[in-house]
Structures are given as structure tokens and as C-alpha cells.
Amino acid sequence: MPSRQDPHRRVVITGLGIVSPIGIGVPEFWKAALEGRSGISAISSFGDFPLESYRCRVAGQIRDFDPRRYLDESQSQRLDRYAQFALVAAGEAVAQAGLRMDRGDPHRVGVMVGAGMGAMMMGEREITQLYQSQRPHRVHPNFIPTITLNSASGLVALAHGAKGPNLTISTACSSSLHAVGSALLSLQAGAADAMIEVGAEAGIQPLVFAGFCNLRALSSGFNETPTQASRPFDRARDGFVMGEGAGALILETLSHARSRKAKIYAEVAGYAGTCEAYHMVIPKEDGVEMADTMTRALRVAQVAPSAVDCINAHATSTRKGDEVEIRGIRRALKARASRVAIHGTKSMIGHTLGAAGAIGVLVGALTTETGQVHPTINYDDPDPECALPGIAAKVQERRIKVTLINAFGFGSNNATVVLKRFS
Amino acid sequence: MGTPASIQEMVINALAVATKREPASIALTHAFRDDLGLNSLDTIELMYGVEEAFDLMIPDADLPKLVTVGALIQYLHERVSPGGSPVSTSKQVLAKPATKPEGVIRPTTPRVNTKKRSRA
């Protein structure tokens, strides 16, 4: 029976959707990713704020996103940019999966969104206007329903009539990987037959951007050469580049997918979420905690470290973050670390914060299905501290049965998801 | 105000508060990380306070050389215009995080041997 808990219930991915700096829609995104195209560009303006007071002036911006092409007039005008991204990506994934609420019980279809910042675009605007104008009666009536962190998960449910569990996970840069894991657990717990999982973020705006600049987390040495700024594992990397966008996945139980004769991209075989309980911003340097997260996820998936073929790394292009992740991979996979293919999607689209995990799983699903490992661009001069033979600046064709996806976030938290080629 | 001595005094007083030490126990040769136990985020907060107090912007590229008390003071002497004084009228060199009492950085459990990095 569908509602009975079964930790061994198999869960598969049957739909994908994406809004990214290198493409809106899976075909456009995947083509650009395999070509190694950079979506990083110079920020042209922050409104009235002087650009030179930002140390970093590049980002993975989605320049050609016109919400009216995808959403109705009201949604285009009123919704925060992150929620618009979420709706567009979810719409593509639902359509691609052929998931229809009128062909089953809509209470068995849930929504799980991961977002780190939420509707900060409207947040910044309204707060600024209130303090400048000192006219509280002009705060927009839609302010509260927009900035509540679950606004996107509510909107996605409304758009599709999904009446099952509806939750938002916010764990900074690992938000939507934890959301994938939580969707998996919900399906195994029998709470739903299908989950629309979305990671969405739109934080390239004056306040949020300044905050990351001043945390000294962003690249600042490539303002004149933006496409070179995001360079995971390369010796010259100097911080991450902020991106924006959304990734969406349809996760469903294998029996549900089979009953619908849905196309299956990959099986979601395992997930682990842990907290280092160490430091809000800094990962534990020896990589032991990251290795532990990967090991736990593999154990849940019943996959030996020696069977891992590919890793979609968190790989943000920060000095220490990349180094510690590779240390963790070496610890978790031992000799296999030198054999696995590793790719860093952020080299092309920047770090989409809360959306990164869902985009990582989307890439992992396509990689597992096709055997094509997209390049990690700007990996020109391998840093000996994080060099592994499986990282490449060009496309790799491999036989891939198991892909790991990593995401790590402020708050000392780590997540790993294991995908298996479906058979 | 504005004399080299006051720059030194401001920096050392700020560090004394941050590290809960007597100002006299802080030497110019002390390294922020290895001797004073500041982690990377503590150091970034210190630089943030310094930027505010002296009205300047410290590029990321300058950070690697600012690892000791003396190096930071020397750097400020070079950056602050001749005869110029810190623009801040207060002696506050410390970051002012929204969640902390004004002007006090309490390094969250100072740790030795941590380098600049981010998990973002």
C-alpha cells in the first residue's frame, strides 16, 4: 500500500527543469554545459550604488530571462525573481515527466523546495523604501506572502494543483540537496508517490552581494575577465562567483513511475545530511566530516566506495573549500578517488547558493544517463592541493553507473546524494 | 588623533577587546591566527572594522600580507593620507555585527591554525 513506510522503496527521477545563466530549459543548458560555455559576466550596475565599492563585480546572471515568456502577467509583475525561476523550472520538469494531477490523487504529489535566501529581491526593495520614505502604509500588501521563505513551494503547488506535503528547506548553499534528500525520505516514508523538488535562488542584488563580498568569499581578481573568475580546483582561484537560477526534479516511487510508463533518468539511491557542529562558515580542514557525509550516503545506497564513477562536486572555487572537499573525497573513496570523474558545474554558472544542490542532481542525472561528464572550465593549472586525474577542462565520455552529488553550506552542514544508473 | 601612535593604539585596543587580553600583552610581532587565536572570520571582521574606522577599502589581494599586528599598523600608516587622521571620531575599530553588542567582536571560540577559507 502506498502509505506504508518502506526504507527500501526505490525512488527515481522522471523529470528535469532548469533556469540557469547558460540556458533556460534542459536542452539549451546541457548543450552549453557540454561545450563548456561560461555564463559569468560583468555586473553592469547596482542601481544607485557605486560599483567600485564592491570588490567583486562579476556574477552568473541570467540576462535573457523574460518572465512574460513563461508566466502570466500577474506572476511576471508581482512575484519575486527567485519564485519566478522556481515556477519556470518546475513547469518544465512537470511537463517533461508528464505528471498530471487529474490522472491520480493530487494529495499524493508533494513539493519540496530548497532556497537559501528566498525572496530577498522584494525584501531589499521594500525595506529600503520604508526606511527612505518613512511611510509604513506604503509597504506592499504582498510583502509578507512574498518574503515568507515557503513562498516558492506554495506557488509551485498552486501552479500544478499538487496537494501533498509542501515544505521548504533552508540550509544556505546546501538547501536544495537536502531538499532532494528530504523528498527521497518522504517518498520512502509513504507520505507521497511523487515529489516536485526545486532549488531556486536570486541573490545578485545590492545587499546580499555586498554581504558575500565583505565576507571575502567572492572572487575579486577577475573583474576584467569575468569568464575566468570561477575556476574550481585551479591554482589561481580566489573565491566563488555568485550565480542565480533554479533546478527542478520530479522524484517518484519506482512503482508510480512504472504505472505511468514514465521515462526514468536515474535512481536516487541514497542521501546523507550531517552537521559538522564546528563553525558557521568554515569547514573542518581535514575533510573528515565531508568524507563522513559521503560515506554515510554510500552506505544508505548500499554502494561501495570503489563503485563510484563520478562526483558532481560542490567545487565553489574558494581557496580552502575546494581543497577540503578533495581531501574529503580522497578519504571517502581511498584509491578510487584517482579514478572517478569529477566535475564542477559552478565553473560555468557560478554558485547559485540554495539552487546549487538541485542543479547538481540534475547534472548528475544527465551525466549518469548519458555518460557525458561536462568540463570544469578554467581548470588550466591544477592546484596540487586539489588535483585529481578525473578533473578535466574538457568533456569526458565515461561509463557511469554511480554518481555522487555534494553540497556544503553555512551553518556547518553537509549533504551528499547518490544516484544510480537505472536498470 | 591621527598620529602614528594613535593608529597603533586603536588597532591594539581593538584586538585586546576581541581576544580578551590586556593591550600590553599584544606585540607587533604577534600573528592574528597563530599568536592571537583569531580564525579567518574573526580576521575578516577586524578588517571590516578597520575599513570603517579609517575610511578605506582593503582589497582581497592585500589580505595575505596582513597577518601580524605590526603589518596591519604599517599598512594603515601607508594607506592613511599624510597627516590625515582616521575619519571615525570614535576609537571603534571593531566590526559591529547586528547580533552583537556594539563594537565588540567576540571571536567565536578562537582557534589556532585555521586559514582563510569558506564553505559557501
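The values are calculated or read from the model by the stated rules, or taken from the named source; none is laboratory data. For clarity, every value in this text was computed on a predicted model and none was experimentally measured. Cβ: placed from backbone, ideal geometry, glycine included. Neighbour counts: every protein chain shown. Heads up: the accessible areas ignore ligands, DNA and RNA and are worked out on the full protein's heavy atoms, side chains in. Shrake-Rupley method; radii C 1.70, N 1.55, O 1.52, S 1.80 Å.
Observations on the structure shown:
- Projected label distance in nm at A:T148 and A:S44, using a 7 Å step from Cα toward the beta-carbon: 3.7 nm
- Near B:L36: Cβ cut-off under 9 Å, other residues only, Lys/Arg at +1 and Asp/Glu at -1. The net charge is -1.
- The stretch between A:S259 and A:R135 holds 39.0 nm of extra length on full extension. This uses 0.36 nm per residue minus the Cα-Cα distance.
- A loss of 30 Å² or more of accessible area (1.4 Å probe, protein heavy atoms, ligands and nucleic acids excluded) relative to the isolated chain is seen in these residues of the range A:283-300: A:P283, A:E285.
- Between the amide H of A:G243 and those of A:G60, A:H351, A:T352, A:L353, distances stay under 5 Å, these residues lying 5 or more places away or on another chain, with hydrogens modeled in the peptide plane.
- Signed unit charges on C-beta, dipole axis of the protein assembly as shown, positive-most listed residue B:T43, A:G190, A:T293: A:G190
- Cα-based shape type of the range A:257-379, given that a ≥ b ≥ c are square roots of the gyration tensor eigenvalues and the cut on a/c is 1.5: prolate
- Once the Cβ-Cβ distance of A:H107 and B:S25 is raised to the sixth power relative to R0 = 45 Å, the FRET efficiency obtained is 0.10.
- Counting only protein heavy atoms and a probe of 1.4 Å, the accessible surface of the range A:173-243 is 57% carbon and sulfur.
- Using a 1.4 angstrom probe on protein heavy atoms only, the contact between B and A buries about 2200 square angstrom of accessible area, both sides summed.
- Taken as entire DSSP H runs, the helices of chain A that both span 18 Å or more between Cα atoms along their own long axis and average -1.0 or more on the Kyte-Doolittle scale are A:81-97, A:120-133, A:175-188, A:288-301, A:319-333, A:356-370.
- Each label point was placed 7 Å from the Cα along the Cα-to-Cβ direction; for A:A387 and A:M280 their separation is 3.8 nm.
- The calculated FRET efficiency for A:L51 paired with A:R4, based on their beta-carbon distance and R0 = 45 Å, is about 0.20.
- For the range B:4-79, the solvent-accessible area of protein heavy atoms averages 43 Å² per residue (probe radius 1.4 Å; ligands and nucleic acids excluded).
- Interface residues, the range B:35-68 - accessible area loss of 40 Å² or more versus chain alone, probe 1.4 Å: B:L41, B:I44, B:M57, B:D60
- Estimated vicinal HN-Hα couplings, Hz - the range A:10-15 in sequence order (Karplus 6.51, -1.76, 1.60; Gly, Pro = x): 7, 10, 10, 9, 10, x
- Here the 3J(HN,Hα) profile of the range A:412-420, calculated from phi with Karplus coefficients 6.51, -1.76 and 1.60 at θ = phi - 60°, is 6, 10, 10, 9, 9, 10, 10, 10, 10 Hz, Gly and Pro shown as x.
- Cα-projected label distance for B:A16 with A:E28, points at 7 Å along beta-carbon direction, nm: 6.1 nm
- Our estimate of slack between A:E73 and A:A210, defined as 0.36 nm per intervening residue step minus the Cα-Cα distance, is 46.2 nm.
- Restricting the trypsin sites (Lys or Arg not before Pro) of the range B:1-70 to loop positions (DSSP other than H, G, I, E, B) with no more than 13 neighbouring Cβ atoms within 10 Å leaves B:K20.
- Rounded if a/c under 1.5, otherwise prolate or oblate - the range A:218-327, Cα gyration tensor axes: oblate
- Over 22 Å between alpha carbons, listed pairs A:K320/A:K394; A:K31/A:K261; A:K284/A:K320; A:K320/B:K65; B:K20/B:K65; A:K31/A:K394: A:K320/A:K394; A:K31/A:K261; B:K20/B:K65
- The 3J(HN,Hα) values that the Karplus relation (6.51, -1.76, 1.60; θ = phi - 60°) gives for the range A:163-172 are, in residue order, 9, x, x, 9, 9, 10, 10, 10, 10, 6 Hz. Gly and Pro appear as x.
- With a 10 Å cut-off around each Cβ of B:24-34, the average count of Cβ atoms from other chains is 0.
- Taking all C-alpha pairs of chain A, those more than 32 Å from each other amount to 30 percent.
- Cα shape, the range A:120-261, gyration tensor, a/c 1.5 rule: oblate
- Under 13 Å, Cβ to Cβ, from A:T295 - net charge with Lys/Arg +1 and Asp/Glu -1: +4
- Computed from the C-beta positions of A:T128 and B:M57 and an R0 of 30 Å, the FRET efficiency is 0.85 to the nearest 0.05.
- With protein chains left intact and a 1.4 Å probe, residues in the range A:270-420 average 30 Å² of accessible area per residue.
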